[in-house]
Amino acid sequence: MPDFEIEKSLNVSGAVFGFDEAGRGPWCGPVTAACVSWQNFDIPVELRAQIDDSKKLTSAKREALYQKIIHSSALYGIGMASADEIDRYNILQATFLAMRRALENALQKKAVQPSFLLIDGNRLPANCPYPVKAVIKGDARSLSIAAASILAKVTRDHLLIKLSERYPQYGWERNAGYGTKEHIAAIEKYGITPEHRKTYAPIRHYLETHS
């Protein structure tokens, strides 16, 4: 289970934010990022025992933890980068853009000075104005990153449900935009939407063969 060992090992006195994202692999919609920080790592014992990598949790458990995290003392932020921005910058840079927006969103709630940023994965953004560290499998190791993974995943799932109301043929409320058989069949029948990522190989191939 994740804990605050990595956060505490940094030996800094200010806010340590954990970051994670959701939606790098799907063929449509934005990539969503979240960041979470608990002052002095002060988190309710019950909540601490429940938080884990979002991928290990059921949808119902993620939903419940989402509510508990945002109503705890955590300082959190959520940001997105659109399908158009993913096509323009590539998915990695769009993910970093979403993370920057998540931090800006958090700092609008409370003007603190971030002391350190922990980012899930093995890549770091260029020219970051704060000390930053990449943490491989961070969502399974760091409570801050794990909490961010839950916020990012639930936020994106909610958005895809809303987008599915506008584009009901693609089943996004069920497949979250991934390339399922249902999604592929809908693209073949109805074409692509403005929410599809045109630089992703399956969508690019469709455009090349249906131009």
Just for region 127-144: of the residues that are buried (at least 18 other Cβ atoms within 10 Å of the Cβ) and small (Gly, Ala, Ser), which one is nearest to residue 9 (Cα to Cα)?
142
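Take residue 102 and tell me if it is in contact with a Cys (Cβ under 9 Å, 6 or more places away or on another chain), crowded, with 16+ Cβ neighbours inside 10 Å and at pLDDT 95 or above.
Taking the combined requirement at face value, the residue satisfies it.
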Take the residues in region 1-40 that are polar (S, T, N, Q) and surrounded by 13 or more Cβ atoms within 10 Å (Cβ to Cβ); name whichever of them is nearest to residue 193 (Cα to Cα).
32
For region 162-208, give me each residue that is under 13 Å from residue 30 (Cα atoms) and free of Cβ contacts under 8 Å to residues at least 24 places away in the same chain.
162
Just checking, which of 187, 145, 161, 150 is at pLDDT 95 or above, in contact with a Lys or Arg (Cβ under 6 Å, 6 or more places away or on another chain) and part of a helix (DSSP H, G or I)?
150
Give region 168-184 a look and list any residue that's outside any helix (DSSP H, G or I), of a type in the set (A, V, I, L, M, F, W, C) and surrounded by fewer than 19 Cβ atoms within 10 Å (Cβ to Cβ), or say none.
none
Return yes when residue 124 is of a type in the set (A, V, I, L, M), within 16 Å of residue 102 (Cβ to Cβ) and either crowded, with 19+ Cβ neighbours inside 10 Å or modelled with pLDDT under 95 (or both) and no when it is not.
no
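Taking the conditions exactly as written (within 19 Å of residue 89 (Cβ to Cβ), in a strand (DSSP E or B) and of a type in the set (A, V, I, L, M)), does residue 203 satisfy them or not?
No.
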If I ask for residues that are touching a strand residue (DSSP E or B) at 6+ places or on another chain (Cβ under 9 Å), surrounded by fewer than 16 Cβ atoms within 10 Å (Cβ to Cβ) and not basic (Lys, Arg), which ones from region 105-121 would you list?
108, 112, 113
Give just the number: which of (1) in contact with a Pro (Cβ under 8 Å, 6 or more places away or on another chain); (2) touching a residue at least 60 places away in the same chain (Cβ under 8 Å); (3) in a helix (DSSP H, G or I) does residue 100 not satisfy?
(2)
Take region 103-132 and flag every residue that is touching a Phe, Trp or Tyr at 6+ places or on another chain (Cβ under 7 Å) and either part of a helix (DSSP H, G or I) or among the charged types (D, E, K, R) (or both).
103, 106, 120
Filter region 19-40 down to the residues that are assigned to a loop (DSSP other than H, G, I, E, B) and under 16 Å from residue 121 (Cβ atoms) and list them by number.
23, 24, 25
Scan region 102-123 for residues that are out of contact with any Lys or Arg (no Cβ under 6 Å at 6 or more places or on another chain) and within 14 Å of residue 20 (Cβ to Cβ) and jot them down.
102, 103, 106, 117, 119, 120, 121, 122, 123
Can you tell which of 43, 78, 69, 86 is in contact (Cβ under 8 Å) with a residue 24 or more places away in the chain, out of contact with any Asp or Glu (no Cβ under 8 Å at 6 or more places or on another chain), surrounded by 20 or more Cβ atoms within 10 Å (Cβ to Cβ) and assigned to a strand (DSSP E or B)?
78
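The values are calculated or read from the model by the stated rules, or taken from the named source; none is laboratory data. Model, not experiment: these values are computed from the prediction. Here Cβ is always computed from backbone atoms with ideal geometry, including for glycine, and neighbour counts include all displayed protein chains.
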